[in-house]
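Below: one structure, written as structure tokens.
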Amino acid sequence: MKLLNRTIKHYALFSVLLVLCCTPFFYFTIQKLFVSEMDKVLVAHKADFNQSMQYLKTDEELRLYHLMNKEFTLIPQYKALKKDTFFTENFYDSSEAETVPHRVYHTHVMLNGKSYTLEVKESLVSTRGLITAIMGVQAIMLLLLIAGLVLINRALSHNVWDPFYAILERLKKYQIDQNQALTLPHSSTAEFRDLSNAINQLVTRNHESYLKKKKL
């Protein structure tokens with residue numbers, strides 16, 4: 001396998017491993033950020049409910065309020081919750097006509113002298129779709145970046161290694177018993193210039209040694 005192909009092979013292998021490792025990490029990180037923001041929205045909904053409680057005096061008013069605000073549900077409790085809780089649970093969504101994940105917030109409220117657990121929930125369908133779209137764009141950009149790096153590396157490698165292959169080709173054609181000078185290509189790469197100088201010195205010494213032996 002040529003050195004150039006070996007290099008590109010390692011780049012490609014690294015790129016595949018990078019995509020496989022980074023994609024799940026990006027997904028769960030973005031999902032966690034969206035869930036955190038959703039929890040803040042649910043807490044803000046509780047503040048809105050607290051402002052509305054002064055107008056909810058009868059069961060009929062509560063029923064009408066729930067009809068107008070489906071995200072709120074009051075669950076009668078004999079004792080208050082020890083702490084507020086957040087969790088994800090599946091509920092039927094009439095707008096989607098299927099069961100979809102919701103982010104749920106349980107907190108304690110007192111309404112008209114009675115103890116309730118206030119359940120506030122929001123659908124995660126739009127969030128899930130947005131995360132999927134972001135991950136799709138992220139994956140495409142990452143693949144394009146990797147493909148671009150591989151192509152650029154291949155093009156640069158050809159330009160960099162062309163003098164080496166030219167030197168190698170001329171060495172193959174050079175014959176010490178013929179009275180011909182070895183002309184090696186000039187390279188802008190310092191290492192290849194040093195290689196050309198070293199080869200020229202070696203060939204010159206060998207040619208002089210050959211001529212001396214030939215005269216004997």
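The values are calculated or read from the model by the stated rules, or taken from the named source; none is laboratory data. Predicted model, so just to flag it, every value in this text is computed and none were measured. Ideal geometry is used to build each Cβ from the backbone, glycine not excepted, and the neighbour counts take in all protein chains shown. The accessibility values were calculated without ligands, DNA or RNA, using every heavy atom of the protein model including side chains. Shrake-Rupley method; radii C 1.70, N 1.55, O 1.52, S 1.80 Å.
Details
- Cα-only radius of gyration and Dmax that characterise the stretch 163-216, units Å: 12.3, 42
- In this structure, Cys21 and Glu60 have a Cβ-Cβ separation that, at R0 = 41 Å, corresponds to a calculated FRET efficiency of about 0.10.
- Relative to the longest principal axis of the Cα atoms of the chain, the long axis of helix 190-215 lies at roughly 20 degrees.
- Taking each residue as 0.36 nm, the span from Ser36 to Asp93 lengthens on full extension beyond its C-alpha to C-alpha distance by 18.3 nm.
- Folded to 0 to 90 degrees: helix 3-52 orientation relative to the chain principal axis, Cα: 20
- On a per residue basis, the convex hull of the C-alpha atoms belonging to the stretch 120-166 measures out at 46 Å³.
- Extent along the principal axes, Cα only, for the chain: 124, 34, 24 Å, with the longest axis given first.
- Inter-part distance where the stretch 186-205 and the stretch 75-113 are each reduced to a Cα centre, Å: 78
- Span from the the stretch 136-176 Cα centroid across to the the stretch 43-69 one, whole angstrom: 68
- Using a probe radius of 1.4 angstrom, the carbon and sulfur fraction of the accessible surface of the stretch 1-112 is 62%.
- Largest-first ellipsoid semi-axes for the stretch 1-118, taking √(5λ) over the Cα gyration tensor eigenvalues, angstrom: 50, 15, 11
- Taking Cα atoms only, the orientation of helix 59-68 departs from the longest principal axis of the chain by about 30 degrees.
- Summed over qualifying helices (DSSP H, 4 residues or more, each -39500 (n - 2.57)) and divided by its residue number, the chain shows a 222 nm mean residue ellipticity of -23000 deg cm²/dmol.
- Selection among Met68, Ala44, Leu18 by position relative to the dipole of the stretch 1-94 gives Leu18 as farthest towards the positive end (Cβ unit charges, Cα centre).
- Probe 1.4 Å, protein heavy atoms only - accessible area per residue of the chain in square angstrom: 71
- Percent carbon-and-sulfur accessible area, the stretch 129-216, ignoring ligands, DNA and RNA, probe 1.4 Å: 63
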